[in-house]
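*Asks:* Structure below; questions to follow.
The values are calculated or read from the model by the stated rules, or taken from the named source; none is laboratory data. Since we're looking at a predicted model, the values are computed, not measured. All Cβ positions, glycine included, derive from the backbone under ideal geometry; neighbour counts span all protein chains shown. Heads up: the accessible areas ignore ligands, DNA and RNA and are worked out on the full protein's heavy atoms, side chains in. Shrake-Rupley method; radii C 1.70, N 1.55, O 1.52, S 1.80 Å.
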Amino acid sequence: MGLCGCAFVAGCGGKADKPIVVAPPAPEAVAVPTPAPAPPLSVKSAGMDWHRVATDRDRERLRTWRDAWMAALAKVRAAGLDADLAAQGALFEPDRALSNPAPPPGRYRCRVFKLGANGTATRDFTAYPPYECRINDEGEVSSLYKTGGSQRPVGLLFPENSGRVVFLGTMMFGDETKPMDYGRDDGRDMAGYIERVGDKRWRLVLPWPKFESIVDVIELVPTP
């Protein structure tokens, strides 16, 4: 015990030593939240009516959402991947659309699923690791954006009916700090529906995306 005692007192026999001064622990680094990108300007100017700004191509994609679902699911099942669909429960049920479809503002765990290969370099079912995304209150509408990564969707959520919300937005790449205006680049434009599929569980369905798949489904689950 003698050695232990010497560690906590000023002297330990012989001449008195100077008191030991213990420096306080360094403060923990505080994570700086990623600033929210401004929504695509041409979309925000629409107010609550998404029909005023949606491109012809996106209108067609939204009109034919069921065709996209059916084609994508047929390819997944033809590839023998039914178990991957079943593992996610209601997430891949095309007609699943519960009331109160608008997800509230806050942080979400988002996860992308690509269904139905569109090209030879992709699989018919691909699930990506989850990432953080956020929904902010923008007044009449809400915004949805991914907080990090090299590809970051950003857009607005417009009320549609009692079962779904319309998403219109664009894709940001690399170190870009401002999204391109919606409608300027067909390759970046994004359009889809948000639906509530369970208790505190939503999905963003993007029919006929530009690359890789027939349908992209993004699961949204609130995080603390």
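*Asks:* If you go through the stretch 167-224 one residue at a time, how many are open to solvent by 40 Å² or more (accessible area, probe 1.4 Å), more than 16 Å from the chain's Cα centre (by Cα) and among the polar types (S, T, N, Q)?
*Replies:* Adding up the residues that qualify gives 1.
*Asks:* Would you say GLY139 is touching a strand residue (DSSP E or B) at 6+ places or on another chain (Cβ under 8 Å), more than 20 Å from ASP58 (Cβ to Cβ), open to solvent by 30 Å² or more (accessible area, probe 1.4 Å) and not in a strand (DSSP E or B)?
*Replies:* Criteria not met by GLY139.
*Asks:* Can you pull out the residues in the stretch 110-135 that are within 23 Å of VAL76 (Cβ to Cβ), open to solvent by 40 Å² or more (accessible area, probe 1.4 Å) and out of contact with any Cys (no Cβ under 8 Å at 6 or more places or on another chain)?
*Replies:* Once the filter is applied, which keeps residues that are within 23 Å of VAL76 (Cβ to Cβ), open to solvent by 40 Å² or more (accessible area, probe 1.4 Å) and out of contact with any Cys (no Cβ under 8 Å at 6 or more places or on another chain), the stretch 110-135 yields ARG111, ASN118, GLY119, THR120, ALA121, THR122, ARG123, ALA127, TYR128, PRO129.
*Asks:* Can you tell me how many residues within the stretch 151-179 are of a type in the set (S, T, N, Q), more than 21 Å from PRO94 (Cβ to Cβ) and in a strand (DSSP E or B)?
*Replies:* Total meeting the criteria: 2.
*Asks:* Within the stretch 65-82, count every residue that is within 23 Å of the chain's Cα centre (by Cα) and over 11 Å from LEU115 (Cα atoms).
*Replies:* 2
*Asks:* For the stretch 84-95, does any single residue satisfy the condition of being closer than 26 Å to GLU160 by Cβ, open to solvent by 30 Å² or more (accessible area, probe 1.4 Å) and among the charged types (D, E, K, R)?
*Replies:* yes
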